1. Give the long-range amide H neighbours of residue 337: residues separated by 5 or more places, or on another chain, with amide H under 5 Å away, using H modelled in the peptide plane at 1.01 Å from N.
2. Would you tell me the accessible area of residue 548, worked out with a 1.4 angstrom probe on the heavy atoms of the protein chains, in Å² to the nearest 10?
3. What nm distance separates the two modelled labels at residue 136 and residue 554, each placed 7 Å from Cα along Cα→Cβ?
4. Could you pull the accessible area for residue 128 with a 1.4 Å probe, rounded to 10 Å²?
5. Could you check the spin-label model distance between residue 174 and residue 70? Points 7 Å from the Cα along Cα→Cβ, value in nm.
6. Between residue 366 and residue 394, what's the calculated FRET efficiency when r is the beta-carbon distance and R0 is 41 Å? Round to 0.05.
7. Give the accessible area for residue 263 in Å² (nearest 10); use a 1.4 Å probe, count only protein heavy atoms, and leave out ligands, DNA and RNA.
8. Need the list of aspartates and glutamates near residue 172 for cross-linking: C-alpha distance under 17 angstrom, and skip anything on the same chain fewer than eight residues off.
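The values are calculated or read from the model by the stated rules, or taken from the named source; none is laboratory data. Please read all numbers here as calculations on a predicted model, not as lab measurements. Here the Cβ positions follow ideal geometry from the backbone for every residue, glycine too, while neighbour counts run over all protein chains shown. Side chains included, ligands, DNA and RNA excluded: accessible areas come from the protein's heavy atoms. Shrake-Rupley method; radii C 1.70, N 1.55, O 1.52, S 1.80 Å.
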Amino acid sequence: MTKKVAFYARYSTDLQNEVSIETQIEVGLTMIADRGWELVSTYEDRAISGTSYKLRPGIQALLRRVAQGDIDVVLCITVDRLSRDTEHSAAILKKLNFHSVELWTAHANARVTDMEMGLRAVLSHELIEQIRYRTREGMKTAVRKGKVPGGLSYGYRLLQSYDERGDRIPGKREIDEAEAEIIRWIFQEYALGKSPKELAVELNNRQPPVPGPRGMLWRDTAIRGHVSRGSGILNNEAYIGRIVWNRREYRKNPDTEKRVARFNKEEQWVVKDVPELRIVTDELWAAVKRRQKIVEKTFAHTSTNDLNRTHRPRYLLSGILECGHCLGPYAIMAKDRYGCTNRQKKLPIPHLGHIVCTSSKTIGRQELEERVLAAIPDNLLGADNVERINSSLAAAAERKQKISSAEPARLKAEIDANVTKQRVLGEQLAQRMLAGQMPLPILDQMLEDLEKQRLTLSEQLAAVPEASQPQPVHAGLTRLLLTPAIAELKAGLSNPQAKDISPWIDFMRRLFVKVVIAPSQDSKSADLTVHGHLAAIIAAQEAWREASKELQAKHAAEFVAKRKAGQLKTLDQKVAYLNRCQSILAEKEVEWMGLQVSVVAGAGFEPAAFRL
């Protein structure tokens, strides 16, 4: 039987060539053709590290496809394309084994065994740790030699210096006098009392323009930075001739897979005096630090300023609001009111002719959220939709029941295979001892890991319910669920002390992509345009209402014509015809709704939108 194959490709960083994806696919296609297999789909992750798992859309889509049960083989170039993390590698292989899917690599042109997967994952993980260690030690050495280990800060340019072999020496900097004058001016004006926002506005309005860091517009945050982190113009110690490295370290949160910064102890910092990089005097630096302390005390107890120490509550529409005039973000400007941040920061907008956004329209958070929530149609969970959803739930429950019935046999087979592997490793250890060879720690570690896996499998087997015990079936979805859900969400949004409503917020945000805010024609209120899945749903429902009217009128006319022609004489004939019309209408509705949603919200199209 021809095997159906899903191919996975990945490369790690933006510094690598995107052609590597196409090269991997080409090699995979060659192997598939040689073996007479059938390629079903291809999945890829571009510029994403193999140590990530949840944040890789390609690997997640692949595993969802595997769960559908129509894949026989997952193929990749090498095992490290799937993952470079031991835990993630084991999880991926466990899911593939659960769904009876084989893992093959084109490099070995063979199936990957559990033992090989474990060994290669350990080696890949160790390689990454060694690279990380060598990189950090190299950066530490560079700082001690007076080199800058990071990016190019504002006020400096690369120093073109070469060693005796003619190779450029990396990490060397020299002062850019034009930018250095701007830095001195920022320090002087801030020490005299100007705020970072005022400084950014003045720099952006200068003629000729003064480009900010990385050639972008000046922002108050780029000037203010963060005192304890040493970020921002006002906190960069390179301006007083000091390079400070290892102030913080980054660790990846295993739950979110996002980097989290942690401050190192001061004795772990690497500090090097580089007098040739000094731009501001010690006196001016001290004056700025004194004013920062005054500002910190002033805002330490506020709850509405950006300088507060507490995190803002998560609002329903945070991060997806857009100004209809300048296309910039809307954010909380004052107490529970949204406004355009570009206008608030007085940033000149290039596509508006380098003028500041003229939209002064603000809108209360509660009003905004109520208007958006009110747009959710009452028939989102109508009778027809509920029936389709419950049919899908019932089918999923049936599939789960079938898998559960086969679970004991699968677990017993895995335990038997595990015991066999332990026996083989034990024999290898015994043979090495009899031959007088040195013991290999890796074999001991593999035996320990296999025993842990066996114990875990045995616990899972003991927890499997008896085959005679039916699995609980989902009670089914009713349209009565949506109304209380929205009511609870509204109550929680209006009451900050209410219980955690983040699950409801997550559910509702899946319906929206963005909400565009613009002044109404009378300038008394705000016009809202909602983009996303909710718009697609409403568009499809509205279009179907019009299409169904035409179909119903067509069937009514045919009914009258057939009755006049004597083709519908009896009551049974009339009822049968009307039932057939209803069936056609129901089939057309399913086709229409699927077509409309796929066209309106599908790839390659602008998100669907409607105005409130």
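1. Under 5 Å from the amide H of residue 337 lie the amide H atoms of 365, each far enough along the sequence or on another chain.
2. Accessible area of residue 548: about 20 Å².
3. Those two pseudo-labels are separated by 6.9 nm.
4. 30 Å²
5. Placing both labels 7 Å beyond Cα along the Cβ direction yields 6.4 nm.
6. That gives a FRET efficiency of 0.55.
7. 110 Å²
8. Correct list for residue 172: 163, 164, 237, 273, 276.
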